[in-house]
Structures are given as C-alpha cells and as structure tokens.
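For reference, the structure I am asking about is given below.
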Amino acid sequence: MAAENKTERATPRRRQKSRERGQVARSPELPTALAVLAVTLFIYWEAPAWDSQWRQLFAESVSGAARTDITADGFVLHRLGMTVLGLTGPVLLLGWVVAVLSMVAQGGFVFAPAALAPRWERLNPAAQLSRMVSLEGWSRILKSIVPVSGLIYLSGSVLFRDWNEMVQPSSLGARGVILAILRKAFEISWKSGLWLLVYSGGDYLLRRLHWEQELRMSRQEVRDEMKELEGQPAIRLRIRRLQREMRRRRLIRDVSRATVVVTNPNEYAVALRYEAAVMTAPMVVAKGRHRLAQQIKRLARWNNVPIVEHPPLAQALYRAVEVGQTIPAKLYTAVAEILAFLYRTQGRLRSDAKPSSNAGRPANR
C-alpha cells in the first residue's frame, strides 16, 4: 500500500505490536541533557558544604601523614576514599535516576524480547560499511555533529571571553584560580545542559512525528485488522458472552424495578414502571417476544411484580414504544385502568392483612 494512502491513525493493537518490537519514540540525547542539568544544579547547591568537607579531609590527611606512613590500607587513603564516595555517590545516583526517569517518560517501560534477539547480519562488515555510507548513515553523522558543534562553540566562547584572566592567574592567587576554574566549569556545564535540552527536545518532537507517520494505516489495513480480531474464535465467544451477561443483568435490574408486566400472554411481554411523584407518564423498562417474553415473566414472578394479561395493549406497547421511552398519550387510558386496578387490589390486600395480623394479639386489659 502506498504511503500516501495511509491516512488513518494507528490502532491500539498496531501501537502495541510496535512496542513489542521495541519501537518507541525516544531521543537518546534527552536523558543526557536532563542528567547534566540536574547534576550541575546539585553540585552548585552543595558546593558550599563540600568546601568545609574538603578542608577537613585535607587537614586530616596532612596530620595523618605526619604521624604514620601512607599505605594502601592506611587511614589516609581509607578516609580519602570514603569522602570521595560520599560526595560523588549522590551525584552519580541523581544523574542515573534522572536519566532513567526521562527515558521512561518518553515511551514508558518497554521490555521487547524480540529486539534482544541476535541478528547475524549486524556482524557482516560489508553490510555495516554500506549502512555507514548510505543516506541514513550520513544523516546520523550530521545529527551527531550538531550537538557537538554547539558544545564546542559554547565552551570556546566562555574561554575566549575570559582568556586574559586565564593567562594571568598570578593576580588571583591560588584560591582565586580554583574559584575561577570552578565558575567557568559551572557556566560551561549549565549552558551545555540547556543547549542539549533544546536540541534533544526538538529531536524528540521530530522522532515522535516520524514514529506517528510510520504507524499510520490505510483504511484497508484497519478493516483487515478488525476482521482478524473478530475472526478469532476465543475473542468472538468472549464478546458474545459478555454481551449476554450485560443484557441479562440489565434485564434483571429493569424488571425488578417495574410496576407491572403486560403480556399477550405468550408472545409479548412489556414491563412498565410508574412513580407518580417523579414521572409524568409510565415508562417501558423492558420488552420482548417469545423466549425473551417468557424470561421477563419469570423475572417478574421472582421479584413479585404483578403480571396482567392484556393482548391488545401488550402488542400496542411493544410496537409503539422503545425501551426507556414513556408511553404515548393514546395509551394513557388503557394503562391507567390497569394501574388503578393494581392499586385497588394492593390496597384491599393490605387492608385484609391488618385484621389477620391483629387477630393473634391479646386484648389489652
């Protein structure tokens, strides 16, 4: 299928297959940029505290070297190693966490065993050489030159600007030289991090657009995928089973809330619900023919819903009113007669039940 015919967005199944192959839109430079910025800001924030720790380490090292020889298992090297580990450990951990989170944020957690399978064509020197001199290889080389050129320009501009200060360090003193070097390193670091962030953000957007374009499908591919999904027996049976279960639950709920069920008596069954306080007219909550009508009547008996045989009214309700609609005005009279009859019958039953319930009580003395 020609690329220009792929006008449809990718379906969830196509996206899932792409993820299973490890194909997601990610920029490898974005984690590097965020990690550089995070580490630079962390070092700038913690630099004042590090100054006192390095001073203390230097003093302890000098005093320890004066008392004993410096050996591989001595106090001086042990203290130096612990201090360096305590200072660099959080920095490395922060950079690693930021890089991992940025990778997950771009495309989520992807585990693609298919992408880990060995590909012997990668070991072919001729194939690798042809890939390097191809248009795709040259484009990758040019893309790698852009961020490197930006980093070189930023570093060179900072060094060129302060060249006079760098060639005359004697006027600053030892502490001034160290502070000047640290300031320049910090400036180069945060500027490089920002440049990488801008470049990698644009690179991610381009990769995302390219990925979406590659995933686009033609209308025929969408139809073929739907046929494939519907053609699987397990999925088709499961869909039908879920549909039947949903219909059964909805029917049980609707019939249990009905006020009366009007029948034909064997062919039609229509369940009506009416609440005078909230409804202007009775509403059809369920209806059916043949087997469904018998099921509605069974549910009505189970939930003690009155069943009234009225063939003309049952046929008229079934043909004229859909489920969820109120009955038309021309059927008000017939339905009202049935409801009035039910209300009178229920009232008479309640009045007959009161004396019988009081008959067993002893008289008050």
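Bear in mind that the values in this text are calculations on the coordinates, not laboratory data. On a predicted model such as this, the values are computed, not experimentally measured, just so you know. Cβ placement follows ideal geometry from the backbone for every residue including glycine, while neighbour counts extend to all protein chains displayed.
So what's the Cα pair-distance distribution over the stretch 251-351, bin width 10 Å, in %?
Final binned percentages: 17, 54, 27, 2.
When F42, F160 are ordered from fewest to most other Cβ atoms inside 10 Å of their Cβ, what list results?
Ascending number of Cβ neighbours within 10 Å: F160, F42.
Same structure, new question: When a footprinting reagent is the concern and you count Cβ atoms within 10 Å, what order do K143, K6 take, fewest first?
K143, K6
Next question. Just subtract the alpha-carbon distance of A340 and L87 from 0.36 nm times their residue separation and send over the number in nm, one decimal.
82.3 nm
By count of other Cβ within 10 Å, fewest leading, how are V146, V261, V158 ordered?
Lowest to highest Cβ neighbour count: V146, V158, V261.
Residue farthest toward the positive end of the dipole of the stretch 251-351, with Cβ of Lys/Arg at +1 and Asp/Glu at -1: which of Y274, A300, A334?
So the residue furthest toward the plus end is A300.
Further question: Return, ordered by residue number, the residues of the stretch 293-334 whose backbone nitrogen is under 20 Å from a label point located 7 Å along Cα→Cβ of E275.
Label zone hits: 300, 303-306, 323-327.
How many nm is it between the label spots at E8 and I181, if each spot is 7 Å from the Cα in line with the beta carbon?
6.4
Further question on the same structure: Using a simple charge model, +1 on the beta-carbon of Lys and Arg, -1 on the beta-carbon of Asp and Glu, nothing else, what dipole does the stretch 251-351 show about its Cα centre, in debye to the nearest 20?
The dipole magnitude comes to about 260 debye.
For E60, put the label point 7 Å out on the Cα→Cβ axis and report which residues of the stretch 87-105 keep their amide N under 14 Å from it.
87
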